[in-house]
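Chemist: Can you read through this structure? Questions will come right after.
Read-outs: derived from the displayed coordinates by stated rules, not from any lab. Predicted model, so just to flag it, every value in this text is computed and none were measured. Here the Cβ positions follow ideal geometry from the backbone for every residue, glycine too, while neighbour counts run over all protein chains shown.
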Amino acid sequence: KDLQVELKRQYNDQHSKLRGLLPGRQWYEIQAYRALNQALGRCIRHKNDWGALILVDDRFRSNPSRYISG
């Protein structure tokens, strides 16, 4: 519910076709994947590191083809 994020999503929705921007929802999902990948990368930093990553979110279960394949 961050105001800047909501405004960016609305802007992208309004200008996606005219300016070639991603629609707001797609832009937001890419930002979420980027943040997730960054967080996952912090678990393992060099060859001797190890870690366990557990992603708990109902979206993975309810729509696995969309979220797991991405």
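Chemist: Using only alpha carbon pairs under 8 Å that are at least six residues apart, calculate the relative contact order of the range 3-70 and give it in whole percent.
Modeler: 16 percent
Chemist: Now, a different point. Equivalent ellipsoid semi-axes for the range 3-66, as square roots of 5 times the alpha carbon gyration tensor eigenvalues: give them largest first, rounded to whole Å.
Modeler: Working through the eigenvalues yields semi-axes of 31, 15, 10 Å.
Chemist: Hey, another quick one. What FRET efficiency comes out for Arg19 versus Arg66 if R0 is 25 angstrom and r is the Cβ-Cβ distance? Round to the nearest 0.05.
Modeler: Here the calculated transfer efficiency is 0.45.
Chemist: Based on the Cβ-Cβ distance from Asp58 to Glu6, what FRET efficiency comes out when R0 is 25 Å, to the nearest 0.05?
Modeler: Working from the Cβ atoms, E equals 0.65.
Chemist: In terms of Cα to Cα distance under 29 Å, which lysines are near enough to Lys17, apart from those fewer than 8 places away along the same chain?
Modeler: The qualifying lysines are Lys1, Lys8.
Chemist: Moving on to the next point. For helix 3-19, what angle does its Cα long axis make with the longest principal axis of the chain, in degrees from 0 to 90 and rounded to 10?
Modeler: 60 degrees
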